[in-house]
Amino acid sequence: MERLVINGGYKLRGVVEIAGAKNAAVAILPAAILASEGKSIIDNIPDIEDVHCLERILKGLGCTVNKIDNNTLEIDSSDMNTVEACTADVRAMRASYYFIGAMLSRFKRAKVDLPGGCPIGVRPIDQHIKGFEAMGAEVIIEHGAVNIKADRLVGANIFFDVVSVGATINVMIAATMAEGVTVLENVAKEPHVVDVANFLNSMGADIKGAGTDIIRIRGVESMKGHNYSVIPDQIEAGTFMIAAAATKGDITITNVIPKHLESITAKLLEMGAIIEEGDDSIRVAVDKPLRGVSIKTAPYPGFPTDVQQPMSTLLCVADGRSMITETIWESRLKHLDELKKMGASVKVEGRVAVLEGVSKLTGAIVKATDLRAGAAMVIAGLVAEGKTEICSIEHIDRGYPHIETKFRELGADIYRIQEE
Ligand code: EPU
């Protein structure tokens, strides 16, 4: 086991390049198995543990996976030889559920262990199943696995009960090779939903409307491998924007799509930060105390739940009172107990937290309770007086590539140690 150690108090300065989007890459890699011929070379893939997990799952399914470099994979799924994905890797991560949609589309059957993922609340997959069943699939959940099969997979009209990133992407993947037209309504509009649709279209799918409220998919007979570049990670970018603001630094973040960051930019401007947008970069600087604000998480284009936790650290040290309302996940405020160990003044009632800004945080031994909670603790360590040690950093490694190297290059005193 490893820990991150941070000696706080340094203002971040310089330039940091953002990696490819985790939540796009983790859907695109399973979707690559839709190709019955040709190879896909996918670049701008983040070098994170969730991707390494998917590489192992793909190999276990009989795909040939060549690592061209740390951010580029070549995948050949033409000789895939099983529709069973029941391994510890599958159970360890969330996005392994995309293999259900992908195998159902290509082979009309699959057996995939139920997914894992961050402990941020109940994470049902009823909307995924509702979509698959509407297309004619029979789904049985037994012994911790999803068993699914369809004699014929036929396009359907599906209105999701909740806006779900995972269900939107999974059912869209499944529909690519269903007979006829599938119409998905009340869908998620996140940039990664659009990115996955673009990848699928590059492979030969016929998908229209991704990024709007209605997605129409006309089923095609077969799909081929294609080269593709994953979009930049809006959540990693948001994390660095907030870290720059929290340390009262001045950094330029490159390889971003500023439009995807608008909800975060708007909040930082409201707090008093300086933001300059370039074509594919964004500068964040702070030269005066920041004001507390209220944030309420919402599906895109609202404030992303995945940035709520990093943002909460900034709000802990902003002037006055701030409020957080987490609407997506019922237990995504656990990290606030860790921040309290560092001097934060926080009251939590259900999914709402009220934070009274404090003049400083102080270093402590704290835990990354989940992935984005880990990022929140890193930012806390960067601003705190003295030394912070963060345990359970395997959560952070699942989703942030080389986090300590990137912050060190911006002037932070942060390093990794082996736990005794
Ligand atoms: N939901 C249902 N039924 C379903 C699916 C979802 O009720 O069948 C509910 C969930 O319980 C939740 C809401 O709908 O309350 C939204 O869940 P969604 O399906 O959108 O989440 P997800 O697909 O499981 C992805 C990201 C999460 C991110 C959410 C919301 C991946 C692998 N994970 O999860 O990312 O928080 O969308 O944007 O794409 C992270 O990166 O740290 C992370 C947790």
> Once label points are set 7 Å from the Cα along Cα→Cβ at both Met1 and Asp413, what is their separation, rounded to one decimal in nm?
Replying inline: 2.6 nm
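Only Lys, Arg, Asp and Glu count, each charged at its Cβ (+1, +1, -1, -1), so figure out the dipole size of the range 280-321 about its Cα centre, rounded to 20 debye.
Details: 5 positive and 4 negative charges, 39 e Å.
For the range 280-321, the charge dipole is close to 180 debye.
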>> Just want the answer: with Cβ charges of +1 for Lys and Arg and -1 for Asp and Glu, which residue in Met342, Leu269, Leu314 is farthest toward the dipole's positive end in the range 244-366?
In response: Met342
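Quick check on the chain: of the DSSP beta bridges with both residues there, what percent are antiparallel, nearest 5%? The partial results should precede the final answer.
On the way: 57 of 82 bridges.
Bridges in the chain are about 70 percent antiparallel.
I'd like the FRET efficiency for Arg291 and Asp337, computed as 1/(1 + (r/R0)^6) with the beta carbon distance as r and R0 of 22 Å, rounded to 0.05. The partial results should precede the final answer.
Values: r = 25 Å, r/R0 = 1.13.
That gives a FRET efficiency of 0.30.
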> Separation between the Lys259 and Val122 pseudo-spin-labels, each 7 Å from Cα along Cα→Cβ, expressed in nm?
Replying inline: 3.7 nm
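Rounding to the nearest 20 debye, state how big the charge dipole of the chain is about its Cα centre with +1 on each Lys and Arg Cβ and -1 on each Asp and Glu Cβ.
Roughly 660 debye, rounded to the nearest 20.
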> Net charge near Thr327, counting Lys/Arg +1 and Asp/Glu -1 over other residues with Cβ under 9 Å of its Cβ?
Replying inline: +1
> Any idea how far the Cα center of the range 210-226 sits from the one of the range 5-43, in Å?
Replying inline: 23 Å
> Measuring from centroid to centroid over Cα atoms, what is the spacing of the range 66-93 and the range 258-311 in Å?
Replying inline: 35 Å
> For Arg109, what charge total do you get from the other residues with a beta carbon under 13 Å from its beta carbon, if Lys and Arg give +1 and Asp and Glu give -1?
Replying inline: +2
> For the range 24-229, what proportion of DSSP beta bridges, expressed in % and rounded to the nearest 5, is antiparallel?
Replying inline: 70 percent
> For the range 316-366 and the range 368-420, what is the separation of their C-alpha centers, rounded to whole Å?
Replying inline: 18 Å
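What net charge do the residues around Thr265 carry, taking every other residue with its C-beta under 13 Å from that of Thr265, with Lys and Arg at +1 and Asp and Glu at -1? All intermediate terms of the calculation are to be shown ahead of the outcome.
On the way: positive: Lys259, Lys267, Arg283; negative: Glu262, Glu270, Glu276, Glu277.
Cβ neighbours under 13 Å give a net charge of -1.
Mean separation of Cα pairs under 8 Å and 6+ residues apart, divided by the residue count of the range 24-229: what relative contact order is that in percent?
Numbers: 483 pairs, mean separation 45.0, N = 206.
Relative CO of the range 24-229 lands at 22 percent.
Loop only per DSSP, at most 10 neighbouring Cβ atoms within 10 Å: give me the trypsin sites (Lys or Arg not before Pro) in the range 129-203, ordered by residue number.
On the way: sites: Lys130, Lys149, Arg152, Lys189; in loops: Arg152, Lys189.
Here the trypsin sites (Lys or Arg not before Pro) that fit, given the DSSP loop and packing criteria, are Arg152.
Rule-based calculations on the coordinates, nothing more; no lab input. This structure is a prediction, so every number in the text was calculated from the model and none was measured. Cβ coordinates were reconstructed from backbone atoms using ideal geometry, including for glycine residues, and neighbour counts include every protein chain displayed.
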